[in-house]
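Reviewing the structure listed below.
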Amino acid sequence: ETALRASGGAVVRAERYGANVNDQSKLIASLMGVSASDERHAALTAVLGVKSEFESRRRGDIDMVFVGARAQDARLLVPQLRFNRGGDLPVYATALIYDGKPSADLSGVRFCDAPWMIDAGADWSAQRAAVAPLGSATASPRLFAMGRDAYVLAAGLAQARLRVGDPVDGASGRLEWGSSTLIRRTLACAQIAGDGLRAAGP
């Protein structure tokens, strides 16, 4: 939120969803302003005494939606968001939304994650296949990627092959040794499709 405000953006509204609750439609309708639209129509109908054709509308000051949810919850939330007039809005999320299983329910959602999780290139695919028999590589893939990169960085420093400013295309992200105590990390970004992932800008 701080970064958004610093860039000139604003949080219009935020809500917390209930975990393990399948129907979040009332919460989402309220969040999107659809409930208010329905209430205005009901009030107008009561005053006029005549029924009229009506289609709910969402509030008009929303440019994008951020969903902070794990994959199993997001598979319920995102379709309900679309149903409540949010289908034309870009949806962003954290890496928690991706569990390695692309889903049509999450199609279009954008997120950033470690290349180990989302890069489908031949090199990373081969490395993932090579360590698949190791339980840790599949049980905690992001942690495994961080451990792999820690070893690469430690070896590079010990052998004086790594200098300040040198980039390393790591499993956990693009790494850059910024100083003796700082390693910068840039994640890869993707957009979920029903049959896989597509590359996306941050």
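The set of residues in the range 1-17 being under 17 Å from the mean Cα position of the chain (by Cα) and among the small types (Gly, Ala, Ser) consists of Ala3, Ala14.
Before we move on, is Leu81 modelled with pLDDT of 85 or more and surrounded by fewer than 17 Cβ atoms within 10 Å (Cβ to Cβ)? No; evaluated as a whole, the condition is false for this residue. Checked against (1) in contact (Cβ under 8 Å) with a residue 12 or more places away in the chain; (2) surrounded by fewer than 17 Cβ atoms within 10 Å (Cβ to Cβ); (3) not acidic (Asp, Glu), Gly86 passes all but a single condition, namely (2).
Of the strands (runs of 3 or more DSSP E) contained entirely in the range 102-202, those carrying at least 2 residues that are within 30 Å of Asn22 (Cα to Cα) fall at 110-113, 188-193, 196-199. Looking at this structure, is Ala95 in contact with an Asp or Glu (Cβ under 6 Å, 6 or more places away or on another chain) and in contact (Cβ under 8 Å) with a residue 40 or more places away in the chain? Judged against the criteria, Ala95 is a match. Within the range 115-151, the set of residues being open to solvent by 60 Å² or more (accessible area, probe 1.4 Å) and among the β-branched types (Val, Ile, Thr) comprises just one member, Thr138.
The values are calculated or read from the model by the stated rules, or taken from the named source; none is laboratory data. Keep in mind the model is a prediction, meaning the values are calculated, not measured. Every residue, glycine as well, gets a Cβ built from its backbone with ideal geometry; the counts of neighbours run over all protein chains shown. Side chains included, ligands, DNA and RNA excluded: accessible areas come from the protein's heavy atoms. Shrake-Rupley method; radii C 1.70, N 1.55, O 1.52, S 1.80 Å.
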